[in-house]
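The values are calculated or read from the model by the stated rules, or taken from the named source; none is laboratory data. Since the structure is predicted, the reported quantities are computational estimates derived from the model, not experimental observations. Cβ atoms come from the backbone with ideal geometry, glycine included; neighbour counts cover every protein chain shown. Side chains are part of the model used for accessible areas, which takes the heavy atoms of the whole protein and leaves out ligands, DNA and RNA. Shrake-Rupley method; radii C 1.70, N 1.55, O 1.52, S 1.80 Å.
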Amino acid sequence: MFKRILISIGSALAMHAVQAAEPVILVFGDSLSAGYGIAANQAWPKLLEQNLAKQGKKYRIVNASVSGETTAGGLTRFPASLKQHQPKWVILALGSNDGLRGLPIASMKQNLGSMIKQAQNAGAKVHLIGMQMPPNYGASYTQQFAAAYPELAKTYKVSLSPFLLEPIIQQNRYFQPDQLHPTAAAQPILLQYILKDFQI
């Protein structure tokens, strides 16, 4: 009995050591990255981990995305996530809830910029994923919102996927009944869109 316990402890420690040795990609987003309405292993961050493993690239994905998160909320959580996971890469995918609530774009940019700087100062590379708002938010707001992400990418010299939902936005079958959140079938498509610009 005691021997079995020692073997179990040894296996657990070995697994922990393997995980600790794998560089971390921290996905920091909202419901679109958290896999809202679908199984966690169907969401694009998990598919990314599987994709990289097939290429022989051993990364551990930590999905710290929270449904409903704004950039202000993310900013409060971000330092602790950086410290805990010490990622090599951060995929930052926030802002959609700021836009849906009509929050000031200047504040959104400031929050995202602060997170990018924190990640870079911690030695992590950043990939930014952008969003766009529907036209009923008004031409001025939607244009400024969409432009915020390329402006941030240029300022901080980070890679960018300009609009996460671009490859599926015109295809209702890839959305859940709320017409906001992608289905499980859409996740591989979203991943391929991200991988066009996110390259390790």
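If ligands, DNA and RNA are left out, what is the accessible area of HIS85 with a 1.4 Å probe, given in Å² to the nearest 10?
Number for this one is 40 Å².
Taking the Cα centre as origin and putting +1 on Lys and Arg beta-carbons and -1 on Asp and Glu beta-carbons, what dipole magnitude results for region 15-86, to the nearest 20 debye?
Details: 7 positive and 4 negative charges, 49 e Å.
It works out to roughly 240 debye.
Regarding the chain, what's the average projected area of the Cα-atom convex hull, expressed in nm²? Numbers along the way, then the final one.
Numbers: hull surface 51.6 nm².
Hull-based average projected area comes out at 12.9 nm².
Among ILE169, LEU191, ASN97, flag the residue with its Cα farthest along the positive direction of the charge dipole of region 62-192, charges on Cβ as +1 for Lys/Arg and -1 for Asp/Glu.
Of the listed residues, the answer is LEU191.
Find, among the trypsin sites (Lys or Arg not before Pro) in region 155-200, those assigned to loop by DSSP (not H, G, I, E, B) with at most 16 other beta-carbon atoms within 10 angstrom.
On the way: sites: LYS157, ARG173, LYS196; in loops: LYS157, LYS196.
Sites meeting the loop and neighbour criteria: LYS157, LYS196.
Please tell me which of these pairs span more than 26 angstrom C-alpha to C-alpha: LYS46/LYS83; LYS57/LYS109; LYS54/LYS196; LYS54/LYS125; LYS83/LYS117; LYS54/LYS157? Provide the component values of the computation, followed by the final result.
Numbers: LYS46/LYS83 22 Å; LYS57/LYS109 32 Å; LYS54/LYS196 17 Å; LYS54/LYS125 22 Å; LYS83/LYS117 14 Å; LYS54/LYS157 29 Å.
Going by Cα-Cα distance, LYS57/LYS109; LYS54/LYS157 fall outside the 26 Å limit.
Provide LEU180, LEU75 ordered by accessible surface of protein heavy atoms (probe 1.4 Å), highest first.
Numbers: LEU180 90, LEU75 45 Å².
Result of the area sort, largest leading: LEU180, LEU75.
For PHE163, enumerate residues with amide H under 5 Å from its amide H, sequence gap 5+ or separate chain, H modeled in the peptide plane.
Under 5 Å from the amide H of PHE163: GLY130.
In percent, how large is the relative contact order of region 41-200, given Cα pairs closer than 8 Å and 6 or more residues apart?
On the way: 191 pairs, mean separation 34.8, N = 160.
This gives 22 percent for region 41-200.
If you restrict to DSSP beta bridges whose two residues both lie in the chain, what percentage is antiparallel, to the nearest 5? Don't skip to the end; give the middle numbers.
On the way: 1 of 17 bridges.
In the chain, DSSP labels about 5 percent of beta bridges as antiparallel.
Arrange the residues THR155, THR183 by how much accessible surface each exposes, largest first, with a 1.4 angstrom probe. Could the numbers behind the result be given before it?
Values: THR155 90, THR183 30 Å².
Highest to lowest solvent-accessible surface, that is THR155, THR183.
So what does log10 I(q)/I(0) come out to for region 94-175 at q = 0.11, 0.18, 0.20 Å⁻¹, using the Debye formula with one equal point on every Cα and no solvent?
-0.31, -0.76, -0.91
Could you give the size of the charge dipole of region 43-153 about its Cα centre, using +1 on the Cβ of each K and R and -1 on the Cβ of each D and E, expressed in debye and rounded to the nearest 20? Write down the numbers at each step before the final one.
Values: 12 positive and 4 negative charges, 115 e Å.
In total the dipole reaches around 560 debye.
What is the pair-distance distribution P(r) of region 88-132, computed from all Cα-Cα distances in 10 Å bins starting at 0, with each bin given as a whole percent?
Final binned percentages: 28, 51, 20, 2.
Once you order the gyration tensor axes a ≥ b ≥ c over the Cα atoms, which shape class does region 29-129 get: rounded for a/c under 1.5, otherwise prolate or oblate by comparing a/b with b/c? Before the final figure, lay out each step's value.
Working: a/c = 2.24, a/b = 1.30, b/c = 1.72.
Because a/c hits 1.5 or more and a/b fails to exceed b/c, region 29-129 counts as oblate.
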